[in-house]
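So the structure is just underneath, and the comments pick up after that.
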Amino acid sequence: MKRYGAEFFGTFWLVLGGCGSAVLAAAFPNAGIGFLGVALAFGLTLLTMAFAIGHISGCHLNPAVSIGLWAGGRFQAKELLPYIIAQVLGAIVAGGVLYLIASGKAGFTLASGFASNGYGEHSPGGYSMQAALITEIVMSMMFLIVIMGATDKRAPQGFAPIAIGLCLTLIHLISIPVTNTSVNPARSTGVAVFAGDWALTQLWLFWLAPIVGGIIGAVVYRLIGAVEE
């Protein structure tokens, strides 16, 4: 239960910090943090939580990461469902807290998407479903390769949170214009349930693509990172 609690609060922080920066601060009048600030916010939430709870639960905070680590031989199948439930619940609670905060401003509306992920007309840059699918798969694949490499026993010890947090920052810098960046089904769900409408209709892609990418990344690392006899 301690591990599940850690995943709940870790994912809560990821969504509140990352999506909160997008909703509350990205376009703040005359001092908005923009794409760069949002990307950094997501990286910082993961980095800080990795140091805070990595030794408790492994700090997955992401169903695609949990499934990828299972595919990579680093995680037990029996833990998958409880981890995913904790992650999704943490994300939804964070989405609720963010909604309560954001709706306290006059003129607030969900029409802007509430930091939801989307494609086609709901992509920040107008990218197609195919582009979104490829982006999410490839970014999730690279994320798992970095996670598995940074946490390998042969890697320099104590630096994994930094490498993983910076990787998530880089992923956002690349893909915010395409999908608003998911690589995390829980993060996508946490805000989509409040945005509703198209965000829920398109949510399937942001479950499917990160999971597929995570599995591919784990398999790739198992091939390139195998210890030679």
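The values are calculated or read from the model by the stated rules, or taken from the named source; none is laboratory data. This one's a predicted model, so the numbers in the text were calculated from it and none came from an experiment. Here the Cβ positions follow ideal geometry from the backbone for every residue, glycine too, while neighbour counts run over all protein chains shown. Each accessible area value is taken on the protein alone, full model and side chains, heavy atoms only, with ligands, DNA and RNA left out. Shrake-Rupley method; radii C 1.70, N 1.55, O 1.52, S 1.80 Å.
Overview of values
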read-out: Residue count for region 1-54, restricted to those that are under 21 Å from residue 96 (Cα atoms), hydroxyl-bearing (Ser, Thr, Tyr) and modelled with pLDDT of 95 or more; value: 3
read-out: Options 159, 108; residue that is without any contact (Cβ under 8 Å) to a residue 12 or more places away in the chain and farther than 24 Å from residue 95 by Cβ; value: 159
read-out: Of all residues making up region 167-185, the number that are touching a helix residue (DSSP H, G or I) at 6+ places or on another chain (Cβ under 6 Å) and farther than 18 Å from residue 122 by Cβ; value: 5
read-out: Filtered residues of region 116-145 (kept if small (Gly, Ala, Ser) and surrounded by 18 or more Cβ atoms within 10 Å (Cβ to Cβ)); value: 116, 118, 123, 132, 140
read-out: Residue list for region 189-205, restricted to those being within 20 Å of residue 59 (Cα to Cα) and open to solvent by less than 10 Å² (accessible area, probe 1.4 Å); value: 190
read-out: Any pair with Cβ under 9 angstrom, 6 or more apart, that starts in region 4-18 at a residue that is of a type in the set (S, T, N, Q) and ends at one that is not in a helix (DSSP H, G or I); value: 11/60; 11/61; 11/62; 11/184
read-out: Residue in region 176-188 that is open to solvent by 20 Å² or more (accessible area, probe 1.4 Å) and β-branched (Val, Ile, Thr) present; value: no
read-out: Filtered residues of region 53-83 (kept if under 18 Å from residue 186 (Cα atoms) and among the polar types (S, T, N, Q)); value: 57, 62, 66
read-out: Which listed residue, of 84, 67, 56, is over 18 Å from the mean Cα position of the chain (by Cα) and over 19 Å from residue 116 (Cα atoms); value: 56
